[in-house]
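Since the structure comes first, as structure tokens, the remarks are kept for the end.
The values are calculated or read from the model by the stated rules, or taken from the named source; none is laboratory data. Just so it is clear, the structure is predicted and the values come from calculations on it, not from any experiment. Methodologically, a virtual Cβ is constructed for each residue, glycine included, from the backbone with ideal geometry; neighbour enumeration extends over all protein chains shown. Only protein heavy atoms, including side chains, enter the accessible area calculation; ligands, DNA and RNA are left aside. Shrake-Rupley method; radii C 1.70, N 1.55, O 1.52, S 1.80 Å.
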Amino acid sequence: MGDRTFFVGGNWKMNGLKPKIDEIIQFLNAGPLSDKTEVVVSPPTIYLDYARQKLNSNIGVAAQNCYKAESGAFTGDISPGMIKDCSCDWVILGHSERRNVFGENDELIGDKTKCALANGLNVIACIGEQLEEREANQTMDVVCKQTKALIEKIGDNWGKVVLAYEPVWAIGTGKTASPEQAQEVHADLRKWLAKNTSETIAQNVRIIYGGSVNAANCKDLAAKGDIDGFLVGGASLKPDFVKIVNAKE
Ligand code: 13P
């Protein structure tokens, strides 16, 4: 089995003005955060620099999105280089809200992933099915298609990618996938990756789960063999996030 360091990401989405951000930074810096877990938080773009300067260095920082070009006439967007310039090393790409609210497709997400990796960023690449797709037994078709669109763009940079399985029906709904449901998708995805990339990549890539993870359900999810961490939304704004970071202890 691969040596997969547990990874917990906190996606703050479009939440928090400076007083709230200060409060989150305070509980994150106070921890204690397990040194066996890699922790990365993702503030809104405008606060990336602010948060990076105040957070302890053991906590990584991710942008929530970026564009597929290094610079140019793309009003309102940011480049991977700008994220790096703010001393942040990660970007979340393909989040279901980018896909479903902002209409991003597999091709654009693939191009963004390629550009981010080429500029030295690490990528949290998100995939996940909608409720109708799960009910129609299409979960694996959907997540494999989304992942397939990334394979060529990632090339030999899999060491810089974390895959986040976030079933859309579980995001912000309080309806978590059961540990068994999440484990099943993660294990099947790992098998699919072994066939479509290599056994080494499949064993080493971290597949994290996102969707209504909280302090009460994180330990049971973390106990599953193919769940290598979490991408947390709502609960990452609360001190409970520290408990989620330490779920594996
Ligand atoms: P919630 O934890 O609020 O369900 O959000 C999950 C998510 O979308 C993380 O990226």
Stretchable slack from Asp35 to Tyr50, in nm (0.36 nm times residue separation minus alpha-carbon distance): 3.0 nm
Heavy atoms of Asp240: accessible area, 1.4 Å probe, square angstrom to 10: 50
Share of carbon and sulfur in the accessible heavy-atom surface of the range 114-192 [1.4 Å probe, %]: 47
Loop sites in the range 19-104: trypsin sites (Lys or Arg not before Pro), DSSP, at most 15 other Cβ within 10 Å: Lys36
Accessible area expressed per residue, the range 121-249, with surrounding protein chains retained (probe 1.4 Å, Å²): 42
Within straight-line cross-link reach of Lys36, aspartates and glutamates at Cα separation under 14 Å, skipping those fewer than 8 residues along the same chain: Asp3, Asp228, Glu249
Contact order normalised by residue count of the range 1-83, Cα under 8 Å, 6+ apart, percent: 28
The chain: relative contact order in percent, alpha carbon pairs under 8 Å with at least 6 residues between: 23
Two-site label geometry, Lys219 and Thr173: point separation in nm, points 7 Å out along Cα→Cβ: 2.7
Fluctuation leader among Ser96, Ser42, Ser71 - the chain, Gaussian network, Cα springs under 10 angstrom: Ser71
Loop-resident sites, the range 114-206, for trypsin sites (Lys or Arg not before Pro), counting at most 13 other Cβ within 10 Å (DSSP): Lys175
Gain on full stretching of the segment that runs from Lys18 to Asn100 - 0.36 nm per residue minus C-alpha separation: 26.7 nm
Amide H partners (placed H, <5 Å) of Gly10, local residues excluded: Val40, Val41, Ser42, Val232
Counted charge near Gln183, where neighbours are those whose Cβ lies closer than 13 Å (Asp, Glu -1; Lys, Arg +1): -3
Whole-Å distance, taken between Cα centres, linking the range 56-104 and the range 106-123: 9
